Amino acid sequence: MVIMVNSSFLQVAGYSMIPELFDQKVRYTGTALGWNIGVVIAGGTAPVVCVWLVERTGNALSPALFVMGVCVAGALAVFSVRRANAYKGVIRSGCCHSM
């Protein structure tokens, strides 16, 4: 249950943020390619890397350090996202106009 709740927070944020990173003309393609290539690269290599880390270090907790490193990289990626077009096309009301 705890994993499902944490996963839902990740999915809601990702599914709503990722499409906004692309222009409307390439939104579906960009989202699909970005998501699926990421899943193939991370999902395909993570188990191999974790087994290699345990064999190399002899520490059963070394995959946890790998996960922490990936989390830091993910946090840096999320913090680098800018909302350049967030208010594009929004009409502002009279109180904020300069004279």
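Per residue, how much accessible area does the range 14-72 show when a 1.4 Å probe rolls over the protein heavy atoms, in square angstrom? Result: 78 Å² per residue. For the range 27-76, the list of chymotrypsin sites (Phe, Trp or Tyr not before Pro) that fall in a loop by DSSP and count at most 10 other C-beta atoms within 10 angstrom is empty.
The slack between A60 and A32, meaning 0.36 nm per residue of separation minus the straight C-alpha distance, is 6.6 nm. Here the Karplus relation 6.51 cos²θ - 1.76 cosθ + 1.60, evaluated at θ = phi - 60°, turns the backbone of the range 30-40 into coupling constants of x, 5, 5, 5, x, 5, 6, 5, x, 5, 5 Hz, with x for every Gly and Pro.
The values are calculated or read from the model by the stated rules, or taken from the named source; none is laboratory data. Just so we're clear, the structure is a prediction, and the values are computed from it rather than from any experiment. Note that we place each Cβ from the backbone using ideal geometry, even for glycine, and neighbour counts take in every protein chain shown. Accessible surface is based on the protein model in full, side chains and every heavy atom, while ligands, DNA and RNA are left aside. Shrake-Rupley method; radii C 1.70, N 1.55, O 1.52, S 1.80 Å.
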